[in-house]
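Let me begin by presenting the structure, written as structure tokens, before commenting on it.
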Amino acid sequence: MDKKEIQTILEEAMEKGREAIPYGEVASYIPELSKADKNHLGLCIYTKDGRRYSIGDTNVRFTIQSISKIITLAVALESYGFDEVFEKVDVEPSGEAFNSLIDLDLSSNKPLNPMINSGALTVSSMLLPKVTFSEMKLFAKKLCMDPDMELDKDVYNSEKANISRNRAIAYLLESKGIIENDVEDTLDLYTKMCSLTVTAESLANLGLILANDGIDPTTGTRLLKTETVHTIKTIMLTCGMYDSSGEFAVYVGIPTKSGVGGGLVSTVDKEMGIGVFSPALDEKGNCIAGRPLLEHLSKKLRLHIFDRSSKMDIE
Ligand code: GLN
């Protein structure tokens, strides 16, 4: 495929995404997020061989939200090992909303997976004795190759002032003996991680490092172990889009994680990272432009995990 053909496909994908935006709404349960401009749309693709494609609003800063769950999980897996982490949190798709506590209360004694709030709160709690928020922020900056990443204090304060549901989940976890460290400190670390700022570019970098087996391709430095990266990517595929994960895996087939700030990070194994930003969300809390946009890229560039014959190679 030549450069012009690739550019055309990216522009078509943007168009598909843009068409979906009117059907979505920006998150409002964290009041500060409702100030986002619904019409923002950015797409950024970074390939392992050094090509960079950026279209639209790729420099606009927004909060990482649930995409931080992959970073906290990665650090927990590396500090405790798989057995200890997965003793506290399962790896099964939930089929419920990201902030649900139904399964946890009624049928399961541990969170179904680390991508929903109950699972991520559990993982955050485990991290309390091991790392500080500043250390986590520093590591997130490296994983996103984003030195300008900061805590968005307005979003953080806004979420902290409206945190009843996560607080309910966290105390339920404590009552079941799953959260063993301080609940309020757990909520604080979790909310701070969600309030870190990124751009579509930083998310493309994160996706690229995951595609590249945990190694920063610009410096050759290994940031995560191979086993950690395999596990993160698998969980992104099975649970990264909450209760749309199955459908997303069928039609897009690229491991992806969403956040209610409007970000998506996707990782095409051994090949590229993709960052998308568009704050209008669907009813599951995923960026509504993401599915049609990524589905188009996946089909045209053959990026589906079971249909990999990438057309991105420039002839
Ligand atoms: N901070 C948000 C929350 O806990 C993250 C949710 C999300 O991005 N899906 O509700």
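The values are calculated or read from the model by the stated rules, or taken from the named source; none is laboratory data. Just so it is clear, the model here is predicted, and its values are computed rather than measured. For neighbour counting, all protein chains shown are included, and Cβ atoms are generated from backbone atoms with ideal geometry for every residue, glycine included. SASA here: full protein model, heavy atoms, side chains in, ligands and nucleic acids out. Shrake-Rupley method; radii C 1.70, N 1.55, O 1.52, S 1.80 Å.
List of remarks:
- A crude spin-label estimate for the pair Glu283 and Thr218, with each label 7 Å from Cα along the Cβ direction, gives 4.2 nm.
- With Cα atoms, 0 to 90° folded angle of helix 68-80 axis to the chain main axis: 60 degrees
- Three-way shape call for segment 115-237 based on the alpha-carbon gyration tensor, with the a/c threshold at 1.5: prolate
- Take the Cα of Asp182, step 7 Å toward its Cβ, do the same at Ala97, and the gap between the two points is 3.0 nm.
- Alpha-carbon Rg with Dmax, taken over the chain, Å: 18.1, 59
- Loop-located GluC sites (Glu not before Pro) in segment 206-286, at most 15 other Cβ atoms within 10 Å (DSSP): Glu283
- For Ile45, the solvent-accessible surface with a 1.4 Å probe is about 0 Å², rounded to the nearest 10.
- Distance histogram in 5 Å bins (all Cα pairs of segment 1-47, percent per bin): 5, 17, 20, 19, 15, 11, 8, 4, 2
- Value of relative contact order over segment 176-315, rounded to a whole percent, pairs C-alpha under 8 Å and six or more apart: 22 percent
- Angle in degrees between helix 226-239 and the longest Cα principal axis of the chain, rounded to the nearest 10: 90 degrees
- The angle between the Cα long axis of helix 290-301 and the longest principal axis of the Cα atoms of the chain comes to about 40 degrees, rounded to the nearest 10.
- Ser134 - accessible surface, heavy atoms, 1.4 Å probe, Å² rounded to 10: 80 Å²
- Here the accessible area is traced with a 1.4 Å probe on the protein chains. For the chain, carbon and sulfur cover 49 percent of it.
- Relative contact order [Cα under 8 Å, 6+ residues apart], the chain, whole percent: 29 percent
- Note on Lys192: accessible area is roughly 50 Å² with a 1.4 Å probe, heavy atoms of protein only.
- Å² of accessible area per residue within the chain, as computed with a 1.4 Å probe and no ligands counted: 40 Å²
- Normalising the average separation of contacting C-alpha pairs (under 8 angstrom, six or more residues apart) by the number of residues puts the relative contact order of segment 146-223 at 36 percent.
- Charge dipole (segment 52-119, unit charges on Cβ, about Cα centre) - positive-most of Val75, Thr63, Tyr53: Tyr53
- Helix-only CD estimate at 222 nm, as mean residue ellipticity for the chain, using -39500 (n - 2.57) per DSSP H run (n ≥ 4): -13500 deg cm²/dmol
- Most mobile listed residue (Thr218, Thr191, Thr234) in the chain, GNM with C-alpha springs under 10 Å: Thr218
- Applying 0.36 nm per residue to the separation of Thr132 and Phe82 and subtracting their alpha-carbon distance, the gain on full extension is 15.9 nm.
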